[in-house]
1. Where in region 75-178 are there strands (runs of 3 or more DSSP E), lying wholly inside it, with at least 3 residues that are out of contact with any helix residue (DSSP H, G or I) (no Cβ under 9 Å at 6 or more places or on another chain) and modelled with pLDDT under 90?
2. Residues Leu36, Leu13: which one is assigned by TED's automatic domain parsing to the domain that holds Ala122, under 60 Å from the mean Cα position of the chain (by Cα), surrounded by 16 or more Cβ atoms within 10 Å (Cβ to Cβ) and within 20 Å of Asp103 (Cα to Cα)?
3. Taking region 235-282 as the search range and keeping residues that are part of a helix (DSSP H, G or I) and among the acidic types (Asp, Glu), which one is modelled with the lowest pLDDT?
4. May I ask you to list the residues in region 100-133 that are surrounded by 17 or more Cβ atoms within 10 Å (Cβ to Cβ) and acidic (Asp, Glu)?
5. Hey, among the residues in region 134-168 that are of a type in the set (Val, Ile, Thr) and either surrounded by fewer than 15 Cβ atoms within 10 Å (Cβ to Cβ) or more than 16 Å from Ser78 (Cα to Cα) (or both), which one's nearest to the chain's Cα centre (by Cα)?
6. Report, by residue number, each residue of region 188-210 that is surrounded by fewer than 11 Cβ atoms within 10 Å (Cβ to Cβ) and within 30 Å of Ala6 (Cα to Cα).
Amino acid sequence: MALIAAGWIAVLLLLGGIALDRTLTNLVSRNFDEQLEYMLTAMIASAEIGPDGEVFFYRTLGDQRFLEPNSGLYWQISGDGFEPWPSRSLWDRTLTLRGDHFDDEAHFYDPDQFGDESLRMAERTVILPGSETRWTFAVASATRDLDAQIAEIRSILAWSFAVLGLGLFLMALFQIRYGLSPLRRVRAAIQKLRNTGANRITEPLPAEVQPLVEEINSLLAHSQKQAEEARTHAGNLAHALKTPLTVLTNAATARAPDLGDAVIRETRTMQRHVDHHLARARAVGRRAVGHARAGVFQSAEAVRRAVERLYPDTRIDIAGNRDVQVMIERQDLDEILGNLIENAAKYGGGSVFVTVDAEDGSEQCVIWVEDDGAGIPESERERIFDRGARLDTGKPGTGLGLAIVRDVAEIYSGSVELDESEDLGGLLVRLALPRAIGSTDGDGS
């Protein structure tokens with residue numbers, strides 16, 4: 001920020017200094033030319049034609065420098081057929097005039113006639129009354145005074161702009177330091193938070209950084225929640241594995257005759273618990289990566305193709321919004337819809353109907369999965385979400401499908417509810433997931 005400020009200050013002051021230098025130099029030069037033009041006009045106004053046809057002044061020019069030799073201010077009058085008439089200040093020198101053309105107005109230029117003495121000359125061509133001769137009147141002045149004024153102006157500008165630039169840069173440094181002071185206070189607050197072990201920033205801070213503080217507190221709360229969830233999952237997994245391990249240890253120690261059956265039974269139980277917690281861990285990890293989004297219709301189509309290979313006699317129909325997207329990773333959405341559609345195909349009577357965005361206009365995308373099976377009694381609908389719970393033990397499965405669906409949906413702030421399908425008569429699963437921001441709504445089938 002300091003380098004950018006210094007660069008901009010230098011560029012702007014340089015451009016401003018060049019513009020101001022040109023403006024003031026032009027003003028001084030224009031004033032110098034106006035003085036020459038005034039003297040030239042006074043000469044012409046005081047000139048008359050004498051009896052011999054030559055020019056003379058009927059009144060003396062007021063500036064005494066015209067009478068002092070080499071004073072730096074000169075005049076001269078030239079005409080065709082007449083000798084040049086110079087001022088006394090020219091002494092033994094004459095001005096070389098550009099009288100080969102007719103100048104109705106004063107013509108200014110810088111002649112190089114007197115060596116190291118630079119001149120500024122104004123000349124004008126007139127025809128005086130009583131004469132047909134073209135007379136060229138010229139006034140020349142040394143530019144040493146003009147050059148001195150310009151040099152003084154540039155010196156003042158250089159020092160002024162240097163001081164101004166230094167002052168602006170120091171002000172920019174002070175502004176940067178003062179403007180970033182709230183961030184240093186935030187850094188001190190975070191350091192204090194780390195040293196004291198607190199879980200949020202509570203000390204008052206400037207309003208400019210309050211949104212940052214709120215985001216930091218939200219991040220800390222999110223990290224703390226994730227850590228608590230991880231500890232809870234680890235404790236639950238340890239507790240769930242403790243009982244099967246104890247049973248196996250006791251059976252092995254007692255050399256029980258059904259040791260083989262016990263190992264198979266208890267290892268299946270442990271496998272269910274491990275699969276369940278791994279699914280939750282994967283969902284939590286993917287949720288922490290960022291704001292995910294997935295197309296519901298595309299995921300449902302992919303799941304239908306996979307399930308139809310397992311249950312070729314089951315008809316699966318999908319209808320609804322083809323463009324809606326939800327805030328969930330595609331892998332987790334595939335897993336949720338895969339469990340729901342596969343359960344509907346497995347326990348249904350051969351017909352499964354999936355409606356995407358069934359409740360259009362709500363903040364969440366609602367997905368209905370219906371089948372024409374026997375359904376689930378209302379008294380058993382809450383228990384069926386427990387890990388390992390199965391109503392039909394005659395068909396293969398681990399009893400983890402709906403439990404994983406509910407846990408993964410809740411991780412993404414969604415929900416799962418069970419009801420009875422009015423159209424097909426079997427089970428109706430209502431899955432609600434947060435709609436992705438900017439998701440396109442459209443009705444299609």
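1. By residue number, 82-86.
2. Leu36
3. In this case the residue turns out to be Asp275.
4. The answer is Glu123, and nothing else.
5. Taking the candidates together, the pick is Val163.
6. Selection gives Ala207 alone.
The values are calculated or read from the model by the stated rules, or taken from the named source; none is laboratory data. On a predicted model such as this, the values are computed, not experimentally measured, just so you know. Please note: Cβ atoms are built from the backbone with ideal geometry, for glycine as well, and neighbour counts cover all protein chains shown.
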